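Encoded as structure tokens, the structure appears first; notes follow it.
The values are calculated or read from the model by the stated rules, or taken from the named source; none is laboratory data. Note that this is a predicted model, so its numbers are computed, not measured. Cβ sites come from the backbone with ideal geometry, for glycine too, and all protein chains shown count toward neighbours. Quick note on the areas: whole protein, heavy atoms, side chains included, nothing else; ligands and nucleic acids left out. Shrake-Rupley method; radii C 1.70, N 1.55, O 1.52, S 1.80 Å.
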Protein chains: 2
Amino acid sequence: MFPVEYGRPTRRLIHLPRTIVDFWSLMNTALHAVPHLTTALTGPLLQLESHLLDHQAEIEAWFRDQWRQTPAPFYTSVDLRNAGFKLAPVDTNLFPAGFNNLNPAFEALCIQAIQSALERFYPTARRVLVIPENHTRNLFYLESLATLRELIARAGYETRIGSLLPDLDGPQVIELPSGRKVTLEPVRREGDKVGVDDFFPCVVVLNNDLSGGRPPILEDVDQAVVPPLGIGWSSRIKSGHFGHYRKVAEEFAAMAEIDPWLIDPLFRNCGEIDFMKREGENCLARNVDALLSAIRQKYEQYGIDKPPFVVIKSESGTYGMAVMTAHSVEEVQELNRKQRTHMSKTKEGQSVSKVIIQEGVYTFETWGEANAVAEPVVYMIDHFVVGGFYRVHTGRGPNENLNAPGMHFEPLAFADPCNMPDCTEFPDAGVNRFYAYGVIARLALLAAAREIRALDAG
Amino acid sequence: MFPVEYGRPTRRLIHLPRTIVDFWSLMNTALHAVPHLTTALTGPLLQLESHLLDHQAEIEAWFRDQWRQTPAPFYTSVDLRNAGFKLAPVDTNLFPAGFNNLNPAFEALCIQAIQSALERFYPTARRVLVIPENHTRNLFYLESLATLRELIARAGYETRIGSLLPDLDGPQVIELPSGRKVTLEPVRREGDKVGVDDFFPCVVVLNNDLSGGRPPILEDVDQAVVPPLGIGWSSRIKSGHFGHYRKVAEEFAAMAEIDPWLIDPLFRNCGEIDFMKREGENCLARNVDALLSAIRQKYEQYGIDKPPFVVIKSESGTYGMAVMTAHSVEEVQELNRKQRTHMSKTKEGQSVSKVIIQEGVYTFETWGEANAVAEPVVYMIDHFVVGGFYRVHTGRGPNENLNAPGMHFEPLAFADPCNMPDCTEFPDAGVNRFYAYGVIARLALLAAAREIRALDAG
């Protein structure tokens, strides 16, 4: 049989690396395996995974029904946490970055899904304008942007990047560590269309989460803007999403005959809060207390011998900013100045006035000899799961956020696709664990689809 | 940089092989590269490949327009021949086998394409009945059938196999060399539906080319039958397909500004012919002569210093039966009894009364140290190119048919998908050659789509 030393190499092997650095990261990826689930508490999850496998045809039929009623957004990434006893989404990003972290072996899958998506959104489109974030110095983001542009181009669309950077007055070419180049061109408006230069395509793909507000130049254009402006963080709130998710999880759980808690993080939210002025703290403390009690009750029900914790996040925050964890009410009552400052501002200096208090889900997946904590991020284009990667972090615990500013995680591309469950393998085999990730991530995708539909209705 | 010894391993590496035989075929695949184009006459093809790359966005937009007008069949495989100066389809199979020869790394791509296809053909379907060929002893075919069934099941459809075998009176389980099992159940009719046991799904996938005629049990069912009965070899003729293909190639060539001959094998056809009674031979000779002259003229135009040849095939033949090549009129005038017998019967004993005389296209791709001749076969599901393999044959010449009864070819899975052209690579780099294959194969797919539309109209 196959020597075990070979591990689970990925298709990366067949692409000639551009740099020596790439070579090593490639060898590392090639020689590694699926993260290890380091907990004895896998009973309910194994049950969940085998349950999902057994009901695969039913689950897929259910999803197909859902997408007919509520089409999926153009693209989405979902952060999952896998506690062994629970597998749940903790963040849903409708303007995903990180495309450069996906397994190059899945590029064909991404290309095919982009073709499906664009044929549906705008059948006669021939060209696409991508509007990115304004991070010109974040090379990780720019590598993702370059990959996204390439994927859309390889799907057969002429693709250019229109930047909202206020001080950009001509094309700017940025050289990337991968050896690629990315060209940013200033977005301009002509009548009811936005474009760059003389390029005014039918489809505008937003890769900017609009944390800084809705750019007036994009208002009321007669082009297809995907995802729509209204789903940016200037309008969207996390508890809105998780409210939809709760409903989706209940419906799914009823169909699949499981306890929805196994896939749904509990949450509560507060009214206005001002961390600097210490306003709204009582409401926060009350909610933290109530949520910890609720989690404790579920832990007792399942015999889970771990301290419950909650995660407090800005309602419209992103990039892992303004996030804290708490294991007790006291922790939120005794915030020091530094902690309060941390919680009061999010991306682009937006101040935090609302928070969501979410059940903390342990991450019991670890990686390598150092037992680094690993958190899966699943990518979807249209309703197709096209891959994902693990955020691997040596310096963090299983109850900590792995996506925080300035924090460097190691991306570990999924070795297998998420759409090929294999009932002849063990429920926890790689392809089957990835399938389970894909199912839960698609539930979050469905919640996002319902958010977008609610926008259209509202 | 990457050591050359690694070659271009495929994703096969990550799947544990089921048998030792598999292990070696896997290692072989892993260590091999893309076949070598052994001809100096690559000028026009390189030109064609770089032309296709340069016009990729335009070509893909053109295809999208075409699929909107004429939806693609459920699945199709196309045999191509690559002469270096010419790349053309020579056979289009609407009931493809050989799914087991595809690169396992592309399974996810197949699954995603099946999901797209079935969502389009029958949005609310939950189950699929596959109706296969009646070859119960052809293990290659049964391995393909097992793979096809698995792919549809993994796409999220309950899938069973309904056999038309007349003497099957209960489920028959066949063990395969791969270690898998395939279960054939007798098809039965109930009212307007066919099914097996109590399984009467909305969708019937035909994987039987109906060489033996249209089975009455499948007539006028109210289920979706894909591809439709009328496109089986009992009704279809090759010159019908290549008539559509000629038109497609002309339209494409006009758009892409190339000589259509570079992608289109010339052909002619005769009226009734009876090889045993030696009726219709004069017409055959006349057409062979005319076709050889036409090819000679094109060879002169492009300075190709090779003898032209033609391939004579049954109009409705398949499985490489009733096929011969001829380099001169004399060859068809001097057929001996054995040759005439060979040409007079095709699959399931159907007699040959009509032939197509097609321009022979040299295969100048070779493989390995033995310089075995290699012929690409491209697979499509819906309008997506999902992979392919090479038929590799050591005992045959560049002007011979590589798919003939009793002949054993080595399948060599494509190392890369066909949908990810890379304009930063050379036009003849693996991904780009595969892209060119995918473009030409899709032209044959479009011709098949138009054949099906003509059925519906007729």
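So here's what we get for this one:
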{"read-out": "Single unsatisfied condition, B:Arg149 versus (1) of a type outside the set (Asp, Glu); (2) open to solvent by 30 Å² or more (accessible area, probe 1.4 Å); (3) at pLDDT below 95", "value": "(3)"}
{"read-out": "Some residue of the range A:98-105 being among the polar types (S, T, N, Q), under 25 Å from A:Asp197 (Cα atoms) and not in a helix (DSSP H, G or I)", "value": "no"}
{"read-out": "Cross-chain or 6+ apart pairs with Cβ under 8 Å, the range A:260-288 first and touching a residue at least 60 places away in the same chain (Cβ under 8 Å), then of a type in the set (Phe, Trp, Tyr) and part of a loop (DSSP other than H, G, I, E, B)", "value": "A:Leu262/A:Phe85"}
{"read-out": "Whichever residue in the range B:330-347 is in a helix (DSSP H, G or I) and among the hydroxyl-bearing types (Ser, Thr, Tyr) and, among such residues, is most open to solvent (accessible area, probe 1.4 Å)", "value": "B:Thr341"}
{"read-out": "Which listed residue is more than 14 Å from chain B (Cβ to nearest Cβ), farther than 19 Å from A:Leu109 by Cα and touching a helix residue (DSSP H, G or I) at 6+ places or on another chain (Cβ under 8 Å), from A:Glu365, A:Glu425, A:Glu375, A:Glu451", "value": "A:Glu451"}
{"read-out": "Matching option when the condition is in contact (Cβ under 8 Å) with a residue 24 or more places away in the chain, touching a Pro at 6+ places or on another chain (Cβ under 9 Å) and more than 27 Å from B:Phe252 (Cβ to Cβ), among B:Met321, B:Met343", "value": "B:Met321"}
{"read-out": "Of all residues in the range B:409-458 being over 20 Å from B:Asn93 (Cα atoms) and acidic (Asp, Glu), the one that is least open to solvent (accessible area, probe 1.4 Å)", "value": "B:Asp416"}
{"read-out": "Residue selected from the range A:134-145 under the condition out of contact with any Asp or Glu (no Cβ under 7 Å at 6 or more places or on another chain) and open to solvent by less than 50 Å² (accessible area, probe 1.4 Å), by the criterion modelled with the lowest pLDDT", "value": "A:Thr136"}
{"read-out": "Filter result (open to solvent by 30 Å² or more (accessible area, probe 1.4 Å) and modelled with pLDDT of 90 or more) within the range B:200-218", "value": "B:Phe200, B:Cys202, B:Arg214, B:Pro216, B:Ile217"}
{"read-out": "Tally of residues being farther than 19 Å from A:Leu94 by Cβ, touching a helix residue (DSSP H, G or I) at 6+ places or on another chain (Cβ under 7 Å), within 14 Å of chain B (Cβ to nearest Cβ) and of a type outside the set (A, V, I, L, M, F, W, C) across the range A:134-164", "value": "5"}
{"read-out": "Filter result for the condition that a residue is aromatic (Phe, Trp, Tyr), closer than 21 Å to B:Asp422 by Cα and modelled with pLDDT of 90 or more, over B:Trp62, B:Trp67", "value": "B:Trp62"}
{"read-out": "Residue in the range B:60-106 that is surrounded by the most Cβ atoms within 10 Å (Cβ to Cβ), counting only those that are without any contact (Cβ under 8 Å) to a residue 12 or more places away in the chain and of a type outside the set (D, E, K, R)", "value": "B:Ala61"}
{"read-out": "Filtered residues of the range A:295-315 (kept if in contact (Cβ under 8 Å) with a residue 40 or more places away in the chain, open to solvent by 10 Å² or more (accessible area, probe 1.4 Å) and not aromatic (Phe, Trp, Tyr))", "value": "A:Ile304, A:Lys306, A:Pro308, A:Val311, A:Lys313"}
{"read-out": "Hey, A:Val221 surrounded by 21 or more Cβ atoms within 10 Å (Cβ to Cβ) and in contact with a Lys or Arg (Cβ under 8 Å, 6 or more places away or on another chain) or not", "value": "no"}
{"read-out": "Residue that is surrounded by the fewest Cβ atoms within 10 Å (Cβ to Cβ) [pool: residues in the range B:107-133 that are more than 8 Å from chain A (Cβ to nearest Cβ) and assigned to a helix (DSSP H, G or I)]", "value": "B:Arg120"}
{"read-out": "Filtered residue count, the range B:348-387, keeping only those that are of a type in the set (Ser, Thr, Tyr) and either in a loop (DSSP other than H, G, I, E, B) or under 19 Å from B:Lys306 (Cα atoms) (or both)", "value": "4"}
{"read-out": "The one condition in (1) buried (at least 16 other Cβ atoms within 10 Å of the Cβ); (2) more than 18 Å from B:Lys238 (Cβ to Cβ) that B:Glu279 fails to fulfil", "value": "(1)"}
{"read-out": "Qualifying positions in the range A:52-71 - within 11 Å of chain B (Cβ to nearest Cβ) and in a loop (DSSP other than H, G, I, E, B)", "value": "A:His55"}
{"read-out": "Lone qualifier among B:Pro96, B:Pro104 - being closer than 19 Å to B:Pro417 by Cβ and under 9 Å from the mean Cα position of the chain (by Cα)", "value": "B:Pro96"}
{"read-out": "Residues (surrounded by 23 or more Cβ atoms within 10 Å (Cβ to Cβ) and not aliphatic (A, V, I, L, M)) located in the range A:152-161", "value": "A:Arg154, A:Gly156, A:Tyr157"}
